[in-house]
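As structure tokens, the structure follows; a few thoughts come after it.
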């Protein structure tokens, strides 16, 4: 966990430095997340390097195993030539010793790789947690800002209410100044009939007075 500890210390130092120089908490949080991401990148690079080294050690170990087997086969085949057979066995022994050393080195690297993978998972989990908290706090801050803005704009409704009342008053005044509304066709027809009847009655009266005179 040493790599993870170094990443944590680096994040802590960077966080405290930012707290001293910044008041924008959102910027501080994002800078912290970037620092953790950078640490995750360094751990990933280290893990990939060890994986490549292990692959190389495995390939070299397999090659040494083949060499040891070949020297053994030669020593057996050339047993009649004692000096040659002994040299073949010495070279087989060197190949086996190198193979054993490589296996010990590979074992140590596999243990380190397991530790680094644990650190990598821990950093990834922490990074996911930080991102979730950032998103939640950004949403909560935006909501709080919207609520504060809504509270500050409460008086605006009164402005629009007064405007609407003035428009309604203007409409009522215009309607009253325009005089009575014009009669519809049915009412006009009755008025014309009544006027005609009155005129006919007046004409009849004049005619009667003229005859009597």
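What follows is calculated from the coordinates using simple rules that are stated; it is not laboratory data. A quick note: this is a predicted structure, and the numbers were derived from the prediction, not measured. Neighbour counts are summed over all protein chains in view; Cβ atoms, including those assigned to glycine, are modelled from backbone coordinates with ideal geometry.
Points worth noting:
- Taking 15 Å as the cut-off, the amide N atoms of region 55-77 that come nearer than this to a point 7 Å along the Cα-to-beta-carbon line of residue 89 belong to 71-77.
- For the pair residue 37 and residue 160, a Förster radius of 45 Å applied to the C-beta separation gives a FRET efficiency near 0.40, rounded to the nearest 0.05.
- Counting neighbouring Cβ atoms within 10 Å and putting the fewest first, the residues 32, 76 line up as 76, 32.
- Spacing of the two label points (7 Å from each Cα toward its C-beta) at residue 203 and residue 170, in nm: 5.2
- Full extension of the chain segment joining residue 73 with residue 137 gains 15.9 nm, where the gain is 0.36 nm per residue of separation less the Cα-Cα distance.
- Rg(Cα)/(2.2 N^0.38 Å) for region 93-137, N = residue count: 2.08
- Take the Cβ atoms of residue 115 and residue 65, set R0 to 22 Å, and the FRET efficiency comes out at 0.20.
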